[in-house]
1. Would you be able to tell me the number of residues in region 4-51 that are hydroxyl-bearing (Ser, Thr, Tyr) and farther than 19 Å from Tyr66 by Cα?
2. Grab the helices (runs of 4 or more DSSP H) fully contained in region 56-139, keeping just those with 1 or more residues being in contact (Cβ under 8 Å) with a residue 24 or more places away in the chain and within 22 Å of the chain's Cα centre (by Cα).
3. May I ask you to say which residue of Lys167, Lys197 is charged (D, E, K, R) and surrounded by fewer than 14 Cβ atoms within 10 Å (Cβ to Cβ)?
4. Tally up the residues in region 135-160 that are under 16 Å from Ile119 (Cβ atoms) and loosely packed, with under 13 Cβ neighbours inside 10 Å, please.
5. Do the conditions hold for Asp190, that is, is it acidic (Asp, Glu) and closer than 25 Å to Pro79 by Cα?
6. Quick check on region 8-15. Is at least one of its residues within 16 Å of the chain's Cα centre (by Cα), closer than 17 Å to Thr109 by Cβ and among the hydroxyl-bearing types (Ser, Thr, Tyr)?
7. Return yes when Ile161 is under 23 Å from Thr194 (Cβ atoms) and of a type in the set (A, V, I, L, M) and no when it is not.
8. Restrict the check to region 145-160 and report whether at least one residue is of a type in the set (Phe, Trp, Tyr) and touching a residue at least 60 places away in the same chain (Cβ under 8 Å).
Amino acid sequence: MKVKSDTKLSIFDTFKTKENSLTGEAIRQRSIIRILSSQANPAERTRTGISQKIAKGQGIVWKNIYSGIFRDLDEILLPMGIAEEHGRLPLKRGPKALQEKGIPFYHLTRKGILIALSIKEVENKEKLLAEFFSNADSKEKEFAKILTNLSKSSPNFTYSIFQKYVKAFCDDKIKDLLPFDLAKLQSIPDESLTIQKEILQAFLKLSKQEKEDAIRFLNEIT
């Protein structure tokens, strides 16, 4: 599929007047990616199944959001190579041609898994991280071990890195998500990462007692 010049992943889009509130499109795309990243059965990963699952969680009629789900898949997630058809389910009813072709269901590509790692609502990140790095190229393997180890001791920090990386892509600050290369973030100022780096470097220089005092202090304010 050809990607249109105006095709854009919107999972971090917020309202102009409410910077902390995600747009409906952002919430919808995040929900689709979350479902496709889960162990949902094939019937739940069709356009209709995805619509029904999201609608059930929001307490709305699934037919009211079907067109939005259809558009997100067919105009954004599929053309951008974030999701792809995984197979087809046979139909017992409906037009004969459709029965023969079946209904497509989807899963995430490797690029899609990378994006899923950046979404807070996605739950099975440890499994996804292992799956993502299982097909790493030589450049990506440089990050595999350190990020896998960090994910066990500092999951929030680790996945915040994926969030910043994918958001930079969504904001057109990096051109391509793959190959995964954190060096692409070096030219993008990020105060929070600078602070985290400063804390880590300072913590390593502290004595055992100073480390215990620092941890006690942080426990009191978080």
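1. Residues meeting the conditions: 7.
2. Passing ranges, in order: 66-71, 110-116, 125-134.
3. After applying the criteria, what remains is Lys197.
4. 1
5. Taking the combined requirement at face value, the residue does not satisfy it.
6. no
7. yes
8. no
The values are calculated or read from the model by the stated rules, or taken from the named source; none is laboratory data. Model, not experiment: these values are computed from the prediction. No Cβ is skipped: glycine too gets one built from the backbone with ideal geometry, and neighbour counts run over all protein chains shown.
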